[in-house]
Amino acid sequence: MITAYASSWVLPISSPPINNGAVAVADGKIIAVGPLAEIIDQLGPANVQIDDQGEAAILPGLVNVHSHLELTSMRGFLEDLPFHQWILKLTRTKYRLLSREDLLASALAGAAEAIKAGITTMADTCDSGVSFDALLISGQRGCMFQEAFGVNPADAEQSLNDLSSKIEKYRQRTTELVSVGISPHAPYTVSSRLFKLLTDYALRERLDVCIHAAESSAEAGLLLSGTGSFAEGYRTRGIDWEAPGCSTIAYLHRLGVLEARPLLVHCVAASEDDLDLIEQSRSRVAHCPKSNAKLGHGIAPLIKMRKRRISAGLGTDSVASNNTCDLIDEARFCCLAHRAQERDEAILKAGDVLEMATIGGAKALGLDERIGTLEPGKEADLIAVDLSQIHCLPGYDPADAIIYSCSARDVKLTVVAGNVLYRCGALKTLNEEELKQAIRELGKRITSAE
């Protein structure tokens, strides 16, 4: 039986909105998109089961190009700290206090939040590996980027061996929905030697790469002049460091890392020359405007990226730095922040950031042939956003209504590869009440350990 998801609006993203439209799905794939009446005529009334979402907008599932699901239990725990202290408190709590079981509960709670927010695809950076399990259990699509650390060049080979062992285990469990990549964490946590080894490994094994890059002034100080809080941390730990005297992006270019076309997370401090290198290497960017703002890092040069046609998707980052996994709100903030920065009311429009949250994210993850738009032949990742509530009315344009009036709380349906993961307040693959209780208990334990 064919299911036709129908609503007052369908937003294919790749073509204009359709009033009183529908998306026909069979065997996990989209087979038709158009006005509901035409789809019924085309496929035959006896062959179509209508799933009517009413006064709503159906659109492609949202693609979150940067998250940290394992950190969900630290929402609200790291407020108003300088970035270096923020990282130290996070890592100290995570490694000293939380077990793998705790981190899995945290990741599953994050996955539940994401599904309820209409996020069908996650690019999740993770050290413990629990987000791989969370994606499999939740039914979401995604890639887990296994983190790698090591500032001592003498330990680089061992760090690579440890990482490759983990990757081989995950590769045995990959599915059509869930894959694995690698994440040399950041220039302040990975030696130049390890960066080179990991890049060679990724190219050889055809693994996607994700790196936190050009995020903060502390990172810039470390690389440009060997100064700042990260540099001081190196000296305290007895780590030798000779500043390369260049930006993060130039540093990665010198090391050959950009040959892997990495997904570069943040890029707040990217200069014109840096953007040239990103463009020339065809690297991609994960833009996390709310996290960048909340941590006081600044505003990434998204408008300049767009002019260069650099592939950029939207990421929420962790809820420890955001504090919600809400890509609709992220898109709205993105639009308004860049309008304010540029003093231009039309520099980004609702349709632009909606594209970033869907096909833009899919392109950044190399998934645009499979997801990101509603078109026949693509996989049936779709959501429905309720437009009937008072805060959405009257609705003159569905894209404007979604971006400027809606939030994650208005998502009423989430479908991945034709499977319903969430409908009208009810998760289908996860037990929300159990996860809420687990997160409450983790919060109590974290607080009591302070």
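The values are calculated or read from the model by the stated rules, or taken from the named source; none is laboratory data. Remember, it's a predicted structure, so these values are computed and weren't measured experimentally. Cβ atoms come from the backbone with ideal geometry, glycine included; neighbour counts cover every protein chain shown.
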Number of the condition not met by residue 154 [criteria: (1) surrounded by fewer than 22 Cβ atoms within 10 Å (Cβ to Cβ); (2) at pLDDT 95 or above]: (2)
Given the residues 306, 339, 332, 370, which is the only one that is closer than 24 Å to residue 126 by Cβ and either surrounded by 18 or more Cβ atoms within 10 Å (Cβ to Cβ) or modelled with pLDDT of 95 or more (or both)? 370
Of all helices (runs of 4 or more DSSP H) completely enclosed by region 65-144, which ones contain at least 3 residues that are among the hydroxyl-bearing types (Ser, Thr, Tyr)? 83-97
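Tally the residues that are assigned to a helix (DSSP H, G or I), crowded, with 20+ Cβ neighbours inside 10 Å and hydroxyl-bearing (Ser, Thr, Tyr), restricting the search to region 396-415.
0
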Of residues in region 168-181 being over 10 Å from residue 146 (Cβ atoms) and in contact (Cβ under 8 Å) with a residue 40 or more places away in the chain, the one farthest from the chain's Cα centre (by Cα): 173
Among what's in region 145-167 and is assigned to a helix (DSSP H, G or I) and under 25 Å from residue 114 (Cβ atoms), pick the residue that is nearest to the chain's Cα centre (by Cα). 167
Which pairs do you get when a residue that is assigned to a loop (DSSP other than H, G, I, E, B), found in region 243-255, comes within reach of a residue that is buried (at least 19 other Cβ atoms within 10 Å of the Cβ) and charged (D, E, K, R), reach meaning Cβ atoms under 8 angstrom, with the pair 6+ apart or on two chains? 247/274
Filtering region 260-305 down to residues that are among the charged types (D, E, K, R) and farther than 27 Å from residue 82 by Cβ yields 261, 272, 273, 276, 279, 282, 284, 304
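Can you tell me which residue is surrounded by the fewest Cβ atoms within 10 Å (Cβ to Cβ) among those in region 256-272 that are part of a helix (DSSP H, G or I) and in contact with a Ser or Thr (Cβ under 8 Å, 6 or more places away or on another chain)? If you could, list the steps in order and put the result at the bottom.
Initial filter on region 256-272 (part of a helix (DSSP H, G or I)): 257-260, 272.
Add one more test, that the residue is in contact with a Ser or Thr (Cβ under 8 Å, 6 or more places away or on another chain), and what stays is 257-260.
Values: 257: 27, 258: 22, 259: 16, 260: 22.
Among residues in region 256-272 that are part of a helix (DSSP H, G or I) and in contact with a Ser or Thr (Cβ under 8 Å, 6 or more places away or on another chain), the one surrounded by the fewest Cβ atoms within 10 Å (Cβ to Cβ) is 259.
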Within region 96-115, take every residue that is charged (D, E, K, R) and farther than 15 Å from residue 330 by Cα and give me the one that is farthest from the chain's Cα centre (by Cα). 96
Within region 197-215, which residues are over 28 Å from residue 82 (Cα atoms), in a loop (DSSP other than H, G, I, E, B) and touching a residue at least 24 places away in the same chain (Cβ under 8 Å)? 207, 208
For residues that are in contact with a Gly (Cβ under 8 Å, 6 or more places away or on another chain) and in a loop (DSSP other than H, G, I, E, B), tally how many sit in region 23-47. 2
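Which one is surrounded by the fewest Cβ atoms within 10 Å (Cβ to Cβ) among residues in region 219-244 that are among the aliphatic types (A, V, I, L, M) and modelled with pLDDT of 95 or more? Walk me through how you get there before you give the answer.
First pass over region 219-244, keeping only residues among the aliphatic types (A, V, I, L, M): 220, 222-224, 231, 239, 243.
Next cut, modelled with pLDDT of 95 or more only: 220, 222-224, 243.
Details: 220: 19, 222: 25, 223: 24, 224: 18, 243: 14.
This residue is 243.
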Of the residues in region 216-227, those that are of a type outside the set (S, T, N, Q) and either assigned to a helix (DSSP H, G or I) or touching a residue at least 40 places away in the same chain (Cβ under 8 Å) (or both) come to 218, 219, 220, 221, 222, 223, 224
Condition check for residue 270: touching a residue at least 60 places away in the same chain (Cβ under 8 Å) and under 22 Å from the mean Cα position of the chain (by Cα): no
What's the number of the condition residue 70 fails, among (1) of a type in the set (D, E, K, R); (2) under 20 Å from residue 365 (Cα atoms); (3) buried (at least 22 other Cβ atoms within 10 Å of the Cβ)? (2)
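Table: residues versus (1) assigned by TED's automatic domain parsing to the domain that holds residue 292; (2) among the aromatic types (Phe, Trp, Tyr); (3) over 20 Å from residue 373 (Cα atoms); (4) in contact with a Phe, Trp or Tyr (Cβ under 6 Å, 6 or more places away or on another chain).
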| residue | (1), (2), (3), (4) |
| --- | --- |
| 15 | no, no, no, no |
| 29 | no, no, no, no |
| 42 | no, no, yes, no |
| 53 | no, no, no, no |
| 67 | yes, no, yes, no |
| 71 | yes, no, yes, no |
